[in-house]
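The values are calculated or read from the model by the stated rules, or taken from the named source; none is laboratory data. Note that the coordinates shown come from a computational prediction; the quantities given were computed from them, not determined experimentally. In this analysis, Cβ positions are derived from the backbone assuming ideal geometry, glycine residues included, and neighbour counts consider all displayed protein chains.
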Number of protein chains: 2
Amino acid sequence: MLKISRITDYATVVMAYLAQNPVDIHNAKDITTHTHIALPTVSKILKLLAKAELLISHRGANGGYSLAIEPKKISIASIIKAIEGDVGLTECAHTDSHCQIEASCSIRGNWRVISQIVLNALEDISLLEMVSPMSTQSVSVDKLKQALSEMNTEQQGLQDE
Amino acid sequence: MLKISRITDYATVVMAYLAQNPVDIHNAKDITTHTHIALPTVSKILKLLAKAELLISHRGANGGYSLAIEPKKISIASIIKAIEGDVGLTECAHTDSHCQIEASCSIRGNWRVISQIVLNALEDISLLEMVSPMSTQSVSVDKLKQALSEMNTEQQGLQDE
DNA sequence: TTTAAATAGTACTATTGCGGTCCTAATTAT
DNA sequence: ATAATTAGGACCGCAATAGTACTATTTAAA
Ligand code: FES
Ligand code: FES
C-alpha cells in the first residue's frame, strides 16, 4: 500500500528522539524506555543506522549512540535508505529486475522517473522538521502542486513535438 | 521498501494498454494476450478498477471493459488507490491504527503530512503521461526540488516563531 | 587487572501479507 | 436456449518481514 515498513517508521521515531538531544549519547536501554519500542528491535535499528553513518556508535561501558550530523542535515530519505536499502517504487524499476512481462512493458522507464520524484520529495524533508510539528494544511502543499502541474504542461509540450 | 505492490504495477500496465484505444471495449482474454499478465490476475485487476469507477464494465457476451474517462484525467494516484485502498506511507498514519507506541509517538501527524505530499505528487501524473515516455533527466525534477526547498525554508520560519 | 556495560554481527523463528488460482452466480448478446 | 463474459468470493502457498536470541568484541571504570 505504498508504505514504509514498520521498522523504518520506528527508525524515524528513534532518530526524532535523538534529535531532541543532539549532543548526548544514548544507549539502547535508554531509548527503549523513552520510545516504548521493544529493546531487541531498537537494538537492530540502531545498528542499521550506525552502519549507514547516520549515527556514531560508542562501544564499551557508558557507550551508546549519538547523531553523526545535525538534525537539519538529515533527510527522511536517508533514514529510509538506511533501513530499507535502495528504494524504488516498483519491483521492476530496479536494475536487476526479472519481471515476467518486462518485454512487453512500456512503462518501466516512467516508473523510474516517478520514483525519483518521490525520493526527491523525501530528500527535502529534514529530521528537524520531523521533530517540530508541521502545519497540516501548510501552504507548501499547494506550492508543490503548482510546481508539479507546471512541470507537467512543460512535459506535455515535449511529448507533442 | 517504499514500494507499490506488483499488482498495482500491473494495473498501470493494463490501464496503459487500454489508454491506447480509449474507446474500444476489451475483454480480459484480449488484455492477457497483449500484456502477458496471467488471466486470473488480469481479471482480478479489472474488477478492482471497475469498482473504483476507473473502468466501465460491460457484462454478458461481447462484454469487456473500457475506460470510464479520458486518459488525461486519470491520475496515477487514482489507480494506486483503486488497487490498494487508502494510502498512507506508514502503518500508523492510518486512522484505525493501533500502534503500540502510539501514546509516546510525536511524529505521527508529520507522517500524515508527508503522505499527503507524496500523494499530491502522484495525483499530478496522468495516465496519458504514463503512455508516452517521460524524459528521464527532465528539467521537472530540478524544478520540483527547488519548489520543495523554498517550501522548507518557509516552514522553518513558521516553526521558529 | 578484573569486571561490567555496551555494541557488532549473525542466525533463527513465527507470522503476516500478498500473489496467484479457482469456483459459482449473475448478466447479456446472439 | 446457449454461449460468453463479468461479479464476487473463497482459498492456498510462498516469501518477506518483524521480532528474538545468542556470541564475540570493545571499552570504561572499579
Ligand atoms: S511491470 Fe514489470 S517491467 Fe513493467
Ligand atoms: S510509530 Fe506508530 S504512532 Fe508513531
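Here are the numbers for the structure shown:
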| item | result |
| --- | --- |
| Test for B:Ser78: is it assigned by TED's automatic domain parsing to the domain that holds B:Val131, more than 14 Å from ligand 1 (Cβ to nearest atom) and small (Gly, Ala, Ser) | no |
| Residue selected from the stretch B:20-55 under the condition under 13 Å from B:Ala68 (Cβ atoms), among the hydrophobic types (A, V, I, L, M, F, W, C) and surrounded by fewer than 20 Cβ atoms within 10 Å (Cβ to Cβ), by the criterion nearest to the chain's Cα centre (by Cα) | B:Ala52 |
